[in-house]
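Participant: Okay, handing you the structure first.
Computed from the coordinates by the stated procedures, all read-outs in this text should not be read as laboratory data. From a predicted model like this one, the values you see are computed outputs, not experimental measurements. Counting neighbours? That spans all protein chains shown, and the Cβs are built from the backbone with ideal geometry, glycine included.
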Amino acid sequence: MAPKSFMRVENITKKFGPFTALNGVDLDVYPGEVHALLGDNGAGKSTLIKILSGVHQPTSGTIYMEEVKRSFRSPREASAAGIGTVYQDLAINQLMSVTRNFFMGRELTSTLGKLKIDEMNQIAHDEMLKIGIDFSDPSQAVGTMSGGQRQTLAIARAIYFGAKVLILDEPTSALGQKQQMEVLKTIKRVRARGDIAIIFITHNEIHSRLIADRYTFLALGQVIGQGTKSELEGGDIRRLMAGGAEIKDLEQELAKI
Amino acid sequence: MSERNESDRLQNESWIQRMMRRPEIGSFIVMIIIILALGLASEGKAFNALGLKNNIAIIAQLGIIAVGAALLMIAGEFDLSIGPMIAFAGMSMAIMLKWGLPFGLGEATPFTAFAITMCMTLGFGWLIGTIVVRSGLSSFIVTLAFWFFLRGLTEVCFRLINQNTNVSGLPDFKKESWFAEQMGGEVFGWLYDAWFWIGQKVASGLEFTAGMTKEEKIDLINYLSFLNINRKMEQWVTGFDARLFWFIIIAAVAWYVLAKTQIGNWIYATGDNKESARANGVPVNRVKVGLFMFSAFCATIFAACQVFDTNSSDAAKGMFKELEAIAIAVVGGILMTGGFGSIVGVIFGAITFGLVANAVFFIPWIDGAWFRVFVGTVLLAAVFANERIRKRITGGI
């Protein structure tokens, strides 16, 4: 028996004027799974996650969360429904402390808007420890942290504020080799909790193979391949990554020049 | 052996290193140097009973608008309309007090004149802020436009209603109005009373006698001036200007809000990176509009203190005040790009500027224009220092 999907996206299309960014995309995500969303530049990955996180509204199609039909008119509505998106820029402020970033916009306050700074420090520390970073000083500025640590902060923040579906937008790009591995470890730790569905957007075939349980390949706004790890073979993955082109064809094309 | 992880790379710091990373450290050091230099050059006169009152008057005056400018700069925006806003508010209050309330509402009291003026200036602040956040234009340009607009409007109103570019010789409202006294009168008289009381104990037995030479008399007057005693052996100074009270209130509230509350976190977040702040649900536009209004509020308090102190106003009031306010904020450690700074630093900056602006009165041989030379130099130094501090805090990124 197949497990119940957490979020199901059916036949999403998105048109920007005459341009069709997405043309009938389906997607299923399950708790405790990493769903890799792969595709070349311009394949529609960004548009899809912007629709899932409420930035754009789909032209047609439906989103179900635990079998209930939902539509998000704003990022706030999506995040209230349990969709936590970690963008590439991470939405983190360098000059502010870890704690102040962690609670940015959702501060814990007592009377007169006073910050409960000790409690916030404690929570920020504990939440980041759960997924792998032990911070001795939550009052240190984020500017002093490495790229991987910043990812962890953004992920921990999304989880703490109720993300059931965690969307990671190319979390490993623009990082060094070692930090990429740190981020992948973090993703595995989140996966191990079992109650969070992860959508992992990447360009990197190797990274997706290391942690993904399920794949969706996009090209020119359409799904060109979908399935679990066991259903797809390594060759398939590489071919689909390149938008359906065979590597051999590419090699020939290159050789002609 | 334990594994070395990323966070081990952040070294543990001693409290001195921690102090040196605080945003207000630079302005604190400059302030101490200025206090010592002024004290020595004026032979202490800058800090005798009257000197302290006069210095604090200008410190408080500059401080009030600098706090408004600083909060706005931390949120990443500028306000060049502070000076004209002061002139406009002063004009509005003075004209109402002389010619009565608008729309035939009858005689103005100090409070009604102030309240109606405040509504107008807050309205202007709201308008400026709304234009900035809606249009996405640089606040530099928008507030520059309002600089000209308000300067012109102030002068036009003066000429149309009063046939002159000033209002002078208003009755002294401080005598009958509690509100006017709170704005333009004196505060903390008990401090000077206590000073005089102690001074009397110290000076007991001292008096002017017929046989004293001129030098001896001058020495004695100087000595007594530090004891708050005048040459008739009476209390010399009775209190600080009321603007000190407003400076303390405004600075305390701004400090608390910025350092301790949710709105403070929003202000920092807005100035640091408004897109990421917005993505996290910070109401960026409301924060900015609110701070433009707060800046207008500070300018209006400044103007009210001036009008009720001097019982006059003219179209040239508040000249260069916007630039001084921004300079104080920068010297106080506020980053030009926003997102960083503290109110404590701004207070140090205001003290430094106030003392230097007033120095000409205590050091007769100094040319007053040196004030601007000093401001220029310190401003440039502060910008470099702030940039270094920012790099140190963000680990050079």
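Participant: Give the order of B:CYS305, B:CYS157 when sorted by the count of other beta carbons within 10 angstrom, beginning with the fewest.
Facilitator: Ordered from fewest to most neighbouring Cβ atoms within 10 Å, B:CYS305, B:CYS157 come out as B:CYS157, B:CYS305.
Participant: Between B:LEU160 and B:VAL253, take the C-beta separation as r, use R0 = 41 Å, and let me know the FRET efficiency to the nearest 0.05.
Facilitator: Once rounded, the FRET efficiency stands at 0.65.
Participant: Among the listed pairs B:LYS175/B:LYS214; A:LYS130/A:LYS164; A:LYS45/B:LYS391; A:LYS45/A:LYS164; B:LYS53/B:LYS317, which are separated by more than 28 Å between their Cα atoms?
Facilitator: Beyond 28 Å between Cα atoms: B:LYS175/B:LYS214; A:LYS45/B:LYS391.
Participant: Another one. Rank-order A:86-99, B:291-304 by packing density, defined as the average count of other C-beta atoms within 10 Å over each peptide's residues, highest first.
Facilitator: Highest mean packing first, the order is B:291-304, A:86-99.
Participant: Separate question: Please give the net charge around A:LEU218, taking every other residue with its beta carbon less than 10 angstrom from that of A:LEU218, where Lys and Arg add +1 and Asp and Glu add -1.
Facilitator: Neighbour charge sum, excluding A:LEU218 itself: 0.
Participant: Straight-line reach from B:LYS217: which lysines fall under 19 Å, measuring Cα to Cα and dropping same-chain residues less than 8 apart?
Facilitator: B:LYS45, B:LYS232
Participant: Over region B:249-357, consider all pairs of different Cα atoms and compute the Kirkwood hydrodynamic radius from their mean reciprocal separation; express it in Å, one decimal.
Facilitator: Radius from the Kirkwood sum: 15.3 Å.
Participant: If you take each beta carbon of peptide A:138-149 and count the beta carbons of other chains within 10 angstrom, what is the mean?
Facilitator: For peptide A:138-149, the averaged partner shielding equals 4.
Participant: Here is a follow-up. Dividing the alpha-carbon radius of gyration of region B:191-271 by 2.2 N^0.38 Å (N being the number of residues), what value is obtained?
Facilitator: Compactness ratio reported: 1.89.
Participant: For region B:32-165, count the residues as N, evaluate 2.2 N^0.38 Å, and divide the Cα radius of gyration by that value, please.
Facilitator: Taking N as the residue count of region B:32-165, the ratio is 1.34.
Participant: Here is a further query. Long-range amide H contacts for A:MET7: which residues qualify at under 5 Å (H placed 1.01 Å from N, peptide plane, sequence gap of 5 or more or a different chain)?
Facilitator: Residues meeting the criterion, in which the H sits 1.01 Å from N, are A:VAL29, A:GLU66.
Participant: Continuing with the same structure: Taking 0.36 nm per residue of sequence separation and subtracting the Cα-Cα distance, how much length would be gained by fully extending the chain between A:ARG238 and A:ASP213, in nm to one decimal?
Facilitator: 7.4 nm
Participant: Another question, then. Need the list of aspartates and glutamates near B:LYS274 for cross-linking: C-alpha distance under 15 angstrom, and skip anything on the same chain fewer than eight residues off.
Facilitator: Qualifying aspartates and glutamates at Cα under 15 Å: A:ASP89, B:GLU77.
Participant: Another question, then. Quick one: what Rg and Dmax do you get for chain A from the alpha carbons, in Å?
Facilitator: In Å, with Rg to one decimal and Dmax whole: 19.2, 72.
Participant: Angle, helix A:117-130 long axis vs. longest principal axis of chain A, Cα atoms, 0 to 90°, nearest 10?
Facilitator: Long axis of A:117-130 versus the principal axis of chain A: about 40 degrees.
Participant: Comparing B:LEU97, B:LEU160, B:LEU144, which has the greatest mean-square fluctuation in the GNM of chain B with Cα pairs linked when under 10 Å apart?
Facilitator: B:LEU160
Participant: At what distance in nm do the modelled label points of A:GLU251 and A:SER139 sit from each other, each positioned 7 Å from its Cα along Cα→Cβ?
Facilitator: Each label point is offset 7 Å from its Cα along the Cβ direction, giving 6.0 nm.
Participant: Under 12 Å Cα to Cα from A:LYS188, which aspartates and glutamates show up? Leave out anything in the same chain fewer than 8 places away.
Facilitator: The qualifying aspartates and glutamates are A:GLU33, A:ASP213.
Participant: Mind checking the mean number of beta-carbon atoms from other chains within 10 Å of the Cβ atoms in B:264-274?
Facilitator: Per residue, the average neighbour count from other chains is 6.
Participant: Let me ask something additional. Give me the one-decimal nm value for the distance between modelled label points at A:ALA192 and A:ASP26, 7 Å along each residue's Cα-to-Cβ direction.
Facilitator: Between A:ALA192 and A:ASP26, the label points sit 3.4 nm apart.
Participant: I'd like to verify something in chain B: which complete DSSP H helices, judged by Cα projection on the helix axis, reach 18 Å or more and average at least 1.0 on the Kyte-Doolittle scale?
Facilitator: What comes out of the filter, once short or polar helices are dropped, is B:25-41, B:49-74, B:82-99, B:110-135, B:139-162, B:242-260, B:284-310, B:343-362.
Participant: At 0.36 nm per residue, minus the direct Cα-Cα distance, what do B:LYS175 and B:ALA369 gain on full extension? Give it in nm, one decimal, please.
Facilitator: Gain on stretching B:LYS175 to B:ALA369: 66.2 nm.
Participant: Could I ask something else about it? Is there a simple number for the mean count of other chain Cβ atoms within 10 Å of the Cβ of residues in A:95-101, and what is it?
Facilitator: 6
Participant: Quick one: helix A:147-160 against the long Cα principal axis of chain A, what's the angle to the nearest 10°, folded into 0 to 90?
Facilitator: Taking Cα atoms only, the helix is inclined about 80 degrees.
Participant: With the Cα gyration tensor of chain B giving a ≥ b ≥ c as the square roots of its eigenvalues, does the rule (a/c under 1.5 for rounded; else a/b larger than b/c for prolate; else oblate) give rounded, prolate or oblate?
Facilitator: oblate
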